[in-house]
Amino acid sequence: MRALWDVFTSDTTYASTMRLAALIAFAAIGEWIAEEGGTLNISVEGMILTGAFAAAVGSEVGGPWVGIVYGCLAGMGVAGVQANLSHRLAANQFVVGLTLNVLAVGLTAFLNAELRPKVTKADPVAIPVLSKIPLVGAALFNQTWLLYLLYPLIPLAWWLVYRTRWGLELRSVGEHPGAADVSGVHVNRRRRQAIYVCGACAGLGGVFLTLGQTGAFAADGVSGRGFIALAAVIFGGWTLRGTLAGALVFGFFDALRFALPSLGYAVNPQLLAALPYVMALATMLAFAHRTRAPAALGRPFVRGIT
């Protein structure tokens with residue numbers, strides 16, 4: 001109990017949780033949008049990784065803003081392959097996603113060894129007054145400025161899905177693609193567009209990883225967080241607020257590997273490193289059949305057949 005009290009009353013815990021949850025949140029928001037349209041986008045891991053590498057290259061070429069543009073475009077590049085193979089050529093979306101993930105690891109590792117881009121890590125920016133709030137002030141308002149891009153992204157994603165005609169059509173495609181098609185909605189086009197949005201968000205997560213967290217690119221730097229983003233969407237019951245809560249939960253368990261040693265508690269480091277992935281598996285088991293996914297999630301659409 002003493003350890004739990006120390007963890008939950010430590011500023012370090014909250015700051016680390018927010019920093020680690022932000023990467024998951026960027027990708028999970030994009031994945032949530034893709035899944036609202038019926039696509040289970042396995043390639044989100046590859047999108048983050050290519051975005052992280054492109055951000056490193058862009059940062060060296062023209063600074064952090066160029067890195068942001070490069071990262072988002074790289075994520076959308078992977079999304080383009082996923083979208084067109086899955087929803088234009090009707091290839092199996094799961095096979096395509098896994099293949100893209102493996103390709104992203106090999107390609108970025110090779111290019112990084114050849115180019116060796118130099119990265120300048122973004123500085124933290126404290127927001128006056130708000131950063132002084134006890135416990136959560138530093139976590140929310142004294143972080144690298146790249147993390148603050150998450151704050152406008154959240155309402156923007158909500159507005160896009162729930163307050164635009166495009167979002168209404170996307171949700172209809174995810175629930176009943178046949179009915180949407182009869183109503184004049186181009187089902188596979190909407191799904192491709194949602195994957196592009198996912199690619200941009202996941203690529204932005206890669207930008208945050210390289211320029212906001214590590215200050216360097218590593219081919220193994222994503223370490224399965226794309227799959228944790230998938231788990232966060234399931235954890236959240238395919239709602240935006242639930243998805244963000246899932247990102248925070250997984251970020252918290254990831255943060256324990258920093259918080260506990262800093263508080264003087266000796267815990268097996270391998271166990272702490274494995275905790276987020278154990279939670280992801282537990283989430284799949286506990287929530288996958290207890291929450292309602294979009295009815296057509298993972299089902300390809302072929303006019304006249306489905």
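So here's what we get for this one:
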item	result
Gain in span if fully extended, residue 115 to residue 149, counting 0.36 nm per residue against the direct Cα distance	9.5 nm
Prolate/oblate/rounded label for region 180-306 (Cα gyration tensor, a/c 1.5)	prolate
Protein accessible area in region 69-159, 1.4 Å probe - carbon and sulfur %	74 percent
By average C-beta atoms within 10 angstrom, highest first, the peptides 40-52, 155-167	40-52, 155-167
Helical mean residue ellipticity (222 nm; -39500 (n - 2.57) per DSSP H run of 4+; nearest 500) of the chain	-22500 deg cm²/dmol
In degrees, nearest ten, helix 150-162 long axis to first principal axis of the chain (Cα)	20 degrees
Low-density loop positions, trypsin sites (Lys or Arg not before Pro), region 1-88 - DSSP coil, at most 12 other Cβ in 10 Å	88
Heavy atoms of residue 239 accessible to a 1.4 Å probe, total area in Å² rounded to 10	40 Å²
Cα-based helix-to-principal-axis angle, 240-262 vs the chain, degrees rounded to 10	30 degrees
Rounded accessible area of residue 258 (nearest 10 Å², 1.4 Å probe)	90 Å²
Prolate/oblate/rounded call for region 22-143, Cα gyration tensor, a/c under 1.5 rounded	oblate
For region 1-120, accessible area per residue (1.4 Å probe, heavy atoms of protein chains only), Å²	41 Å²
Computed accessible area, residue 129, all protein chains, 1.4 angstrom probe, square angstrom	120 Å²
With every protein chain in place, region 175-253: carbon and sulfur % of accessible area (1.4 Å)	61 percent
Cα-based helix-to-principal-axis angle, 11-36 vs the chain, degrees rounded to 10	0 degrees
Mean accessible surface per residue for region 130-208, computed with a 1.4 Å probe while every protein chain stays in place, in Å²	44 Å²
Listed residues 35, 114, 169, most fluctuating in the chain (Gaussian network, C-alpha, under 10 Å)	114
Anisotropy class of region 68-221 from Cα gyration tensor, a/c 1.5 cut	oblate
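The values are calculated or read from the model by the stated rules, or taken from the named source; none is laboratory data. Bear in mind the structure is a predicted one, so any value in this text is a computation, not a measurement. As a convention, Cβ positions derive from the backbone with ideal geometry for all residues, glycine included, and neighbour counts pool all protein chains shown. Quick note on the areas: whole protein, heavy atoms, side chains included, nothing else; ligands and nucleic acids left out. Shrake-Rupley method; radii C 1.70, N 1.55, O 1.52, S 1.80 Å.
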